[in-house]
Amino acid sequence: MRGWSLHKRGRTETVYYVVIASKLVKQTGERARSKLLESDQGRHSLTLTRQGMHFITVHAESGGNAAQTEHRASQLQYLARAHESANGGACFLAGDFNLRQGEDQVLLNEGWRDSACQFVDVERSDDWTWARGESRARYDRVYTHAGVAKLA
């Protein structure tokens, strides 16, 4: 696909998951908007509405100091309510959340479901997407919100 490329990190023992992206032709009635989130790191979210479904990508604040944690909490508060502007349509929220354990509770309280927890053989785990030595983290996530629709 012209304009897209695959980057492979050299000399690593870490397993990476590949996400395939596709350029889509704009359709009638489609909406896209970007929102700069409260951040010292220029973080943002992008929302695309297509055929009644809402796709939201995010790169949330990283780091564990007090200011970074506060910014990430503010970003999560905003994202937790993002389904409200979907007019009852299904929502998909995905990206690099940089979450620490328990920080996604605000999303879960608003009815978002962690997709990794929907599979029978997958336990909720903080080492799902990144591990190096003794350090383990699960930054990349996908959440779904059914709205008035039923998600399979």
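The values are calculated or read from the model by the stated rules, or taken from the named source; none is laboratory data. Bear in mind that the values here come from a model prediction, so they are computed numbers and not experimental data. Every residue, glycine among them, receives a Cβ derived from its backbone with ideal geometry; neighbour counts consider all protein chains shown. Heads up: the accessible areas ignore ligands, DNA and RNA and are worked out on the full protein's heavy atoms, side chains in. Shrake-Rupley method; radii C 1.70, N 1.55, O 1.52, S 1.80 Å.
Filtered by the rule that a residue be under 16 Å from PHE97 (Cα atoms) and charged (D, E, K, R), the stretch 27-56 gives LYS35, GLU38, ASP40, ARG43. Of the residues ARG136, ARG124, the single one that is of a type in the set (Lys, Arg), modelled with pLDDT under 80, open to solvent by 30 Å² or more (accessible area, probe 1.4 Å) and not in a loop (DSSP other than H, G, I, E, B) is ARG136.
Look at (1) over 19 Å from GLY52 (Cβ atoms); (2) modelled with pLDDT of 75 or more and you find that PHE92 fails only one, number (1).
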